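These notes are about the structure you will find just below.
The values are calculated or read from the model by the stated rules, or taken from the named source; none is laboratory data. Bear in mind the structure is a predicted one, so any value in this text is a computation, not a measurement. Reconstructed Cβ throughout: ideal geometry from the backbone, glycine too, with neighbour counts over all protein chains shown.
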Amino acid sequence: MNSIKNIFEKTLISSGSIHITMYSLLEIFLIIVITWLVVWLLKKFLLKSGRLSRVDHSFRYTLFMVIKYTLWVIAISMILQSIGIKLTFLIASSAALLVGVGMGLQQIFKDILSGIFLLFEGVIKVDDIVELTGNVGRVQEIGIRTTKIVTRDHIVMIIPNSKFIEENVINWSTIEDLTRFSVTVGVAYGSDVKKVEELLLSCAGEHPRISKTMKPRVRFENFGESSLDFQLFFYSEHGFWVEWIKSDLRYCIEKKFRENGIQIPFPQRDVYIKHPLK
């Protein structure tokens with residue numbers, strides 16, 4: 001027994017306050033395994049358990065991420081303590097180094113801090129549909145430094161978390177189920193404006209993804225330079241695919257206008273050429 005004890009207590013590496021023994025290596029291994037196992041069980045319980053199906057999935061994901069990072073911070077602290085590194089001494093001795101590194105990595109620190117805010121505040125959650133700098137996508141994962149969103153073209157965008165704090169972000173999922181959208185069209189001068197209104201409302205009424213409870217409306221927008229401008233407003237709960245809905249409406253409008261003799265004009269210019277006097 002003494003020989004086994006001596007083997008585990010034998011110092012493998014010693015430098016200053018750092019002492020690494022077989023026992024400390026075993027302790028580090030156990031800390032990592034236990035932390036990984038606890039995180040795995042939490043993920044299975046919080047994100048996959050049917051018993052918590054009433055709890056919002058996004059809230060469960062946020063809770064899991066916060067607990068996960070907290071557990072790993074505690075685990076790393078315990079590992080450092082087990083090999084003789086005191087955290088207070090480490091922070092004090094590396095303060096100058098941390099200032100220098102912080103100046104160079106301030107953007108990363110900003111992203112990490114923003115990620116913590118996003119996870120705790122919950123203003124943006126997994127499966128939310130967001131619009132940032134003209135890109136619309138569904139939030140796939142919120143990490144501690146970056147967030148992944150899947151666009152309507154099924155492209156995964158990795159966005160630094162600070163963008164969601166500093167930039168104007170539209171969260172379509174926090175808006176009411178029905179959101180108003182519009183399509184603009186111009187018709188030639190002399191067209192029957194009441195007929196135009198009738199055809200536009202007919203196209204909106206025929207589309208299956210446009211709300212029938214909140215009725216579409218047509219607004220005579222303006223007397224344009226070469227056209228009478230109209231705007232068709234409609235409500236839909238399918239905000240993620242609204243550009244395809246607008247495309248369907250434009251196909252329908254073009255077809256109905258053509259069948260009813262209503263022209264969609266294009267800008268025209270009259271050019272006068274003056275011949276020089278001989």
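Here are some notes:
- For the criterion of being in the same structural domain as G224 (by TED's automatic domain parsing) and not in a strand (DSSP E or B), G190 passes.
- All positions within the range 132-142 that are under 27 Å from K43 (Cα atoms) and surrounded by 16 or more Cβ atoms within 10 Å (Cβ to Cβ): G137, R138, V139, I142
- Odd one out for W241, checked against (1) free of Cβ contacts under 8 Å to residues at least 24 places away in the same chain; (2) under 30 Å from I124 (Cα atoms): (1)
- When T184 is tested against (1) surrounded by fewer than 16 Cβ atoms within 10 Å (Cβ to Cβ); (2) closer than 30 Å to Y69 by Cα, just one condition goes unmet, and that condition is (2).
- Conditions (1) surrounded by 15 or more Cβ atoms within 10 Å (Cβ to Cβ); (2) among the basic types (K, R); (3) within 25 Å of the chain's Cα centre (by Cα): number failed by R217: (3)
- Options V38, V73, V55, V33; residue that is assigned to a helix (DSSP H, G or I) and either touching a helix residue (DSSP H, G or I) at 6+ places or on another chain (Cβ under 7 Å) or at pLDDT below 60 (or both): V38
- Taking the listed residues I112, I149, I159, the one that is more than 11 Å from the chain's Cα centre (by Cα), surrounded by 15 or more Cβ atoms within 10 Å (Cβ to Cβ) and either outside any loop (DSSP other than H, G, I, E, B) or of a type in the set (D, E, K, R) (or both) is I112, with no other qualifying.
- Single residue of the range 199-213 satisfying the filter (surrounded by 14 or more Cβ atoms within 10 Å (Cβ to Cβ) and touching a strand residue (DSSP E or B) at 6+ places or on another chain (Cβ under 9 Å)) that is farthest from R250 (Cα to Cα): S211
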